[in-house]
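Working notes, structure below.
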Amino acid sequence: MKALRIHAYGGPEVLQVDEVPMPRPAPGEALVKVAATSFNPADVALRAGAFAAVLPLTFPHTMGMDLAGTIVGDTGPEFATGDAVVAFLPPTMAGGAAEYVAVPVGLLAHAPTAVPLVEAAGLPSTGTTAWQALFEHGELTGRQRVLVNGAGSVVGGLAVQLAVAAGADVDGIAGPMSVERVRGYGAARVLDYTEKAVSDIEPGSYDLAVNFAPTPVAELAPLVRTRGRLVSATTDIETADTRISTIRMAAHPSRKVLKELVTAVDAGRLRLHVTGVRPLEDAPLVHVDRERGKTLLCP
Ligand SMILES: NC(=O)c1ccc[n+]([C@@H]2O[C@H](COP(=O)([O-])OP(=O)(O)OC[C@H]3O[C@@H](n4cnc5c(N)ncnc54)[C@H](OP(=O)(O)O)[C@@H]3O)[C@@H](O)[C@H]2O)c1
């Protein structure tokens, strides 16, 4: 079978499609026939070795933190052959960029039925990041004022929709190509970052700010009210603003969160922004020419 692997850290050229043996599921694992994985910005850092100190890879490493596919074979009480499933795979584990992958059953959730299975591969890691930023680290409950910086990104767009669905009053910061889409997700106000600076926003406006863009934490902190929260999935905290709680987050797989995301997609509360479906062989190009929106990779 085919697998998109790297044998060493390096540039896009280290991504190669290899012929490899079929994985053999260990006890507690299910064999999944892959419909798609997705490209994430973190794949670039993983491939280049930028995360090697915290997330060391064992080579050869199969890429792909996201997975959508169908169960093959006997897997116990929860999943039957042919069930459509999704998973967020820990980055150091053999990933979903292959024809088949053996996955711990505890990471799997039934896939949404409201979207094609291939598109569902755009949900696990991005949706989990958005959910954990808002509800786990951001402690969002109900009618709070929320700022989503990087609302035009895939994760940011999901965060806007999840926060709106939770009853929050949500503002977004996005580029001109994304402003209308973010409004369509229910954001009350969308600031175009090419026209206005973050510093133009009234200080202390938000109970919670979540950051999915390269904006320094120090620029966003003044926008949060005293005792509010700022969660950054991107930039590090250099000098903490002691008025607020500031969290630098790293998303982690959670089946409970994944199930909530699937429910939200099926209920029409969460739309995915898929813009490309490409073969695994295109991965080196996808790593270089990054499209706006989610690119899926299919074996
Ligand atoms: N810490 C974690 O656990 C974690 C997990 C997942 C993702 N992330 C990070 O979160 C970020 C978003 O991920 P993603 O997968 O959603 O990436 P993505 O869709 O590729 O995000 C790119 C988008 O970010 C927006 N952007 C760029 N510069 C901006 C700025 N200065 N202000 C506002 N928006 C800006 C642009 O949107 P527009 O110009 O169209 O508005 C661009 O299309 C990435 O940096 C990723 O590495 C972190």
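The values are calculated or read from the model by the stated rules, or taken from the named source; none is laboratory data. Small disclaimer: the values here were computed from a predicted structure and weren't measured. Ideal geometry is used to build each Cβ from the backbone, glycine not excepted, and the neighbour counts take in all protein chains shown.
Some points to look at:
- Residue check for A109: away from the ligand (no atom under 16 Å from the Cβ), surrounded by fewer than 21 Cβ atoms within 10 Å (Cβ to Cβ) and in a strand (DSSP E or B): no
- When G228 is tested against the conditions (1) crowded, with 18+ Cβ neighbours inside 10 Å; (2) farther than 21 Å from V146 by Cβ, the lone failure is (2).
- The number of residues in segment 66-102 being over 18 Å from the mean Cα position of the chain (by Cα) and part of a strand (DSSP E or B) comes to 8.
- When P23 is tested against (1) farther than 28 Å from S254 by Cβ; (2) part of a loop (DSSP other than H, G, I, E, B), only condition (1) is not met.
- Residue within segment 246-268 that is of a type in the set (K, R) and modelled with pLDDT under 95 present: no
- Just one residue in the set F79, F59 is in the same structural domain as A97 (by TED's automatic domain parsing), surrounded by 13 or more Cβ atoms within 10 Å (Cβ to Cβ) and among the aromatic types (F, W, Y); that residue is F79.
- Test: residue in segment 20-34 that is closer than 16 Å to P284 by Cβ and either in the same structural domain as M93 (by TED's automatic domain parsing) or surrounded by fewer than 17 Cβ atoms within 10 Å (Cβ to Cβ) (or both): no
- One residue stands out among those in segment 232-271 that are among the hydroxyl-bearing types (S, T, Y) and within 30 Å of V86 (Cβ to Cβ): the one that is surrounded by the fewest Cβ atoms within 10 Å (Cβ to Cβ), which is T263.
- Selection count where residues are in contact (Cβ under 8 Å) with a residue 24 or more places away in the chain and either of a type in the set (S, T, N, Q) or in contact with an Asp or Glu (Cβ under 7 Å, 6 or more places away or on another chain) (or both), scope segment 264-286: 3
- Failed item in (1) in contact with an Asp or Glu (Cβ under 6 Å, 6 or more places away or on another chain); (2) in a strand (DSSP E or B); (3) near the ligand (Cβ under 10 Å from one of its atoms), with L147 passing the rest: (3)
- Every residue from segment 280-299 that is outside any loop (DSSP other than H, G, I, E, B) and within 13 Å of the ligand (Cβ to nearest atom): V286, H287, K294, T295, L296
- Matching residues in segment 240-263 - criterion: being more than 10 Å from the ligand (Cβ to nearest atom), within 29 Å of L55 (Cα to Cα) and free of Cβ contacts under 8 Å to residues at least 24 places away in the same chain: A240, D241, S245, K256
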